[in-house]
1. Run the helix sum for the chain: -39,500 (n - 2.57) per DSSP H stretch of 4+ residues, divided by residue count, reported at 222 nm to the nearest 500 deg cm²/dmol.
2. Please give the helix 140-151 orientation as an angle from the longest Cα principal axis of the chain, in degrees from 0 to 90, rounded to the nearest 10.
3. Counting only C-alpha contacts under 8 Å and six or more residues apart, can you give the relative contact order of the range 7-77 as a whole percent?
4. Ordering Y113, Y58, Y20 by how much accessible area each has at a 1.4 Å probe, largest first, what is the list?
5. Run the simple label-point estimate for T73 and K25 please: 7 Å along Cα→C-beta, distance reported in nm.
6. Have a look at P141, P201, P28 and tell me which one the Gaussian network model of the chain (Cα, springs below 10 Å) gives the largest fluctuation.
7. The list (i) 19.8; (ii) 22.6; (iii) 19.1 gives values of Kirkwood radius over Cα pairs in Å, and only one came from this structure; which label was calculated from it?
8. At a Förster radius of 30 Å, what calculated FRET efficiency corresponds to the Cβ-Cβ distance of D169 and K213, to the nearest 0.05?
Amino acid sequence: MIKIIDIDELFDKYISDFVYQNIGKVKPEEIENQIPKLYEEFGDKKLKDLDNFTPNTYYLNFDILELLECLKTHITKGVSVSDFLCEAITKNKENEGALVSALDDKDEEFTLYVMNMLADMGSKKCLDKFLEFILWDYSSPIKELATEHLKGMANDVKGQILSQFNDADESVKEYLSEILSMCEKEDKIFDILINQFVKNPSKIPIYAGYLSKYGDQRALPFLMTQIEREDITYADFEELRFAIEVLGGEYNKIRDFNKDKTYKKIKTRTREKH
């Protein structure tokens, strides 16, 4: 049976012992610089609390189902989850299937841990489930993490996103657009990103950012049209100008933002610094 133990707390004790043994020999800033090396040494140190196994080897004595149950117990009991536990799970590619199955768990924190581990493994078996997290009624943290992972594999889910985009809720389209912005060039994707940009004037910074990431210069006239608006805010203006410059364009027209709250705050802070 796996011990539910706070290995991070054991490492803190390891650091404290090191500091005590080196009083007067090592400066505090030098200790801070040595923490990565000390953590590496700690990982190979046999510990009584771990039945004389090292943090690197202790969890290797258990199968994936036991490790996942251990992870869940750590979470439910509020015990810090060690990197050594997570690494024991992710270092074995054969654990991928069990991790994908574990995504059906209802505990959000547990699910987020599993998602991160699958992302660390570069898993493609989880893509359908991650897309489901975005499309259906899941929490924002889960949707955001799913989006972050799928951005790195955008072309693998491009077809599924394009087939479901029109039927998705508007809030979901924002996540899907972010993923599409990382895809290879395609007219259908360009049309979607432009359409979302044009019909969401309250989210100009978000969709201008997606267009700049997508990198298609055909977006420049649409960005120029928005930046010319008389009622544009200073914040939106700066985001649009940045996107225009990323796509190889430029906007040099002088605009007056003296009545804009954001602009006035920035000017006030700049004056205070000088």
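The values are calculated or read from the model by the stated rules, or taken from the named source; none is laboratory data. Worth saying up front: this structure is predicted, and the values here are computed from it rather than measured. All Cβ positions, glycine included, derive from the backbone under ideal geometry; neighbour counts span all protein chains shown. Keep in mind that these areas ignore ligands, DNA and RNA; they rest on the heavy atoms of the full protein, side chains included. Shrake-Rupley method; radii C 1.70, N 1.55, O 1.52, S 1.80 Å.
1. On the way: 16 runs with 178 residues, N = 274.
One gets -19500 deg cm²/dmol as the mean residue ellipticity at 222 nm.
2. 80
3. 19
4. Details: Y113 70, Y58 5, Y20 170 Å².
Ranking Y113, Y58, Y20 by accessible area, largest first, yields Y20, Y113, Y58.
5. Output for this residue pair reads 3.8 nm.
6. Maximum fluctuation in the GNM of the chain, among the listed residues, is at P28.
7. Entry (ii).
8. On the way: r = 22 Å, r/R0 = 0.74.
Once rounded, the FRET efficiency stands at 0.85.
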